Amino acid sequence: MSAVRSLIASRLDDVVEDLAMLVDAETPSTHPLLLSRGAAELVPWVKERWRCESATTLGDGPGAVIQVDVPGSLPGTVVLLGHLDTVFDAGTLARRPFSVRDGIARGPGVFDMKAGLVQGVHAVAALDELGVPRPSVRLLVNADEEVGSLGSRSFLVSAAAGASAVLVLEPGGVAGTVKTARKGVGLWTVTATGVAAHAGLDPEAGASAVHALAALTTHLVGSAHPSLGTTVNVGVFSGGTRPNVVADHARLEIDVRARTEAEASRVGEVLTSWRPDDDRVRVEVAGGWNRPPWSEPAPELVARARALVASLGVAFDPREVGGASDGNILAAAGLPVLDGLGASGGGAHAEHEHVVVGDLPVRVALLAGLIAGSPSAP
Ligand SMILES: [Zn+2]
């Protein structure tokens with residue numbers, strides 16, 4: 001794949017210009033108008049780069065998925081999976097515009113994951129320009145990934161069915177990074193309703209929602225199992241009104257991560273089977289596993305990535321990470337998935353988000369090699 005690397009290196013300015021175009025179209029998950037403007041930039045650009053006419057949108061509204069197909073001469077279909085939305089609010093671009101300084105590109109969503117989209121599109125274009133045979137490619141891009149992919153997940157699963165490989169364009173880390181497995185994420189909100197009373201005159205008449213959820217917090221945190229990769233974070237705890245009033249309401253927001261299905265269901269059970277000591281406190285539990293654990297790496301894809309990275313002369317950096325992606329959903333659907341194939345850089349979801357421009361040619365070459373299917377291709 002060193003030919004792809006050289007080709008991309010020779011046109012790095014074009015690649016960076018494409019990245020600027022995508023970053024300049026702000027696409028916060030929560031802003032339908034900007035998301036549709038972003039899609040209106042993305043689709044014609046992909047079709048032009050891929051010299052293809054076939055683009056469709058699956059569904060509508062916030063869960064819509066862009067699908068672009070480009071046929072190939074080899075059997076099978078490789079799915080490139082990405083998302084258009086970012087965690088940054090409208091207006092971030094004005095404060096932190098796209099820039100490249102000292103080989104580092106910045107701007108809202110540059111690392112997660114606009115550079116990944118650019119790399120995926122250029123990987124296919126480079127293979128075709130160099131005449132390297134490849135299977136068909138289906139690009140799937142949703143716009144609700146950062147808010148849990150609730151609307152898009154069924155479209156992703158049906159559009160990816162039967163794929164020979166799913167390559168996820170989420171950010172990497174360094175030049176040789178791939179992500180081979182990701183923890184599942186469970187998100188719950190617990191609300192408790194107790195009975196208010198004067199804390200001094202009449203405490204027995206009260207039933208404290210705060211005390212109940214404090215007990216639940218201790219119980220849940222105690223159910224974590226860090227050596228198995230299971231973590232529990234009660235990130236939000238609110239409730240009560242005054243120090244001298246027995247609290248009649250309280251609320252928790254909880255994030256659970258688990259590496260295996262067994263651990264995921266164990267902690268889910270701990271949460272849903274819990275009852276407060278005081279039966280005057282009513283508890284409601286809402287939520288569940290937003291993305292299932294992805295614990296089984298796809299051995300063939302990992303082996304191919306290892307060989308490709310070695311042939312490109314950089315260190316192989318396979319990672320199992322705590323953060324979930326839509327790769328979890330497609331891995332749970334039984335497809336071979338490799339993730340983290342987007343940009344080299346860091347600072348996802350943060351102000352210091354950045355992409356290492358000099359690593360783009362290696363990252364595109366790695367993707368191109370995985371798409372073409374053979375580490376020995378040019
Ligand atoms: Zn992402």
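The values are calculated or read from the model by the stated rules, or taken from the named source; none is laboratory data. Quick caveat: nothing in here was measured; it's all calculated off a predicted structure. Neighbour counts are summed over all protein chains in view; Cβ atoms, including those assigned to glycine, are modelled from backbone coordinates with ideal geometry. Ligands, DNA and RNA are stripped out before the accessible areas are found, and what is left, the full protein with its side chains, is counted by its heavy atoms. Shrake-Rupley method; radii C 1.70, N 1.55, O 1.52, S 1.80 Å.
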Using the Cα centre of the chain as the reference point, and only Cβ charges (+1 on K/R, -1 on D/E), how large is the resulting charge dipole? Debye, rounded to the nearest 20. 660
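For the chain, what is the convex hull (Cα atoms) projected area averaged across all directions, in square nanometres?
With every direction weighted equally, the projected area is 20.1 nm².
Starting from the Cα coordinates of the stretch 31-110, work out the convex hull volume and express it per residue in Å³.
135
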Projected onto the charge dipole of the stretch 184-291 (+1 at Lys/Arg Cβ, -1 at Asp/Glu Cβ, origin at the Cα centre), which of Gly239, Gly200, Trp188 gives the Cα projection farthest towards the positive end? Trp188
In whole percent, how big is the carbon plus sulfur part of the accessible area of the chain, probe 1.4 Å, protein atoms only? 54
If one compares the long axis through the Cα atoms of helix 32-50 with the longest principal axis of the Cα atoms of the chain, the angle in degrees, nearest 10, works out at 20
What value does the stretch 253-334 have for Rg/Rh, both radii from Cα atoms and Rh as Kirkwood defines it? 1.19
What residues from the stretch 350-375 fall in the zone where the backbone N is under 20 Å from a label point 7 Å along the Cα-to-C-beta line of Arg101? 350-359
Approximate spin-label separation Ser36-Val147, in nm, with each point projected 7 Å along Cα-to-Cβ: 1.5
Cα centroid distance between the stretch 41-88 and the stretch 181-233, in Å? 43
Value of relative contact order over the stretch 184-291, rounded to a whole percent, pairs C-alpha under 8 Å and six or more apart: 43
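For the stretch 184-291, with every protein chain kept in place, what is the accessible area per residue (1.4 Å probe, Å²)?
In whole numbers, the stretch 184-291 has 53 Å² accessible per residue.
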Once you list every other residue whose beta carbon is under 11 Å from the beta carbon of Leu84, what net charge do they have if Lys and Arg are +1 and Asp and Glu are -1? -4
Mind checking Rg over Rh on the stretch 184-291, alpha carbons, Kirkwood formula for Rh? 1.05
Ranked output for segments 67-76, 93-102, 188-197 by mean other Cβ atoms within 10 Å, highest leading, reads 188-197, 67-76, 93-102
Taking N as the residue count of the stretch 107-156, its alpha carbon Rg divided by 2.2 N^0.38 Å gives 1.42
Hey, what angle do you get for helix 115-129 against the long axis of the chain, alpha-carbon based, 0 to 90 degrees rounded to 10? 20
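Express the relative contact order of the chain as a whole percentage, based on alpha carbon pairs under 8 Å and six or more residues apart in sequence.
25
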Compactness ratio of the stretch 64-115: Cα Rg over 2.2 N^0.38 Å, N = residue count? 1.60
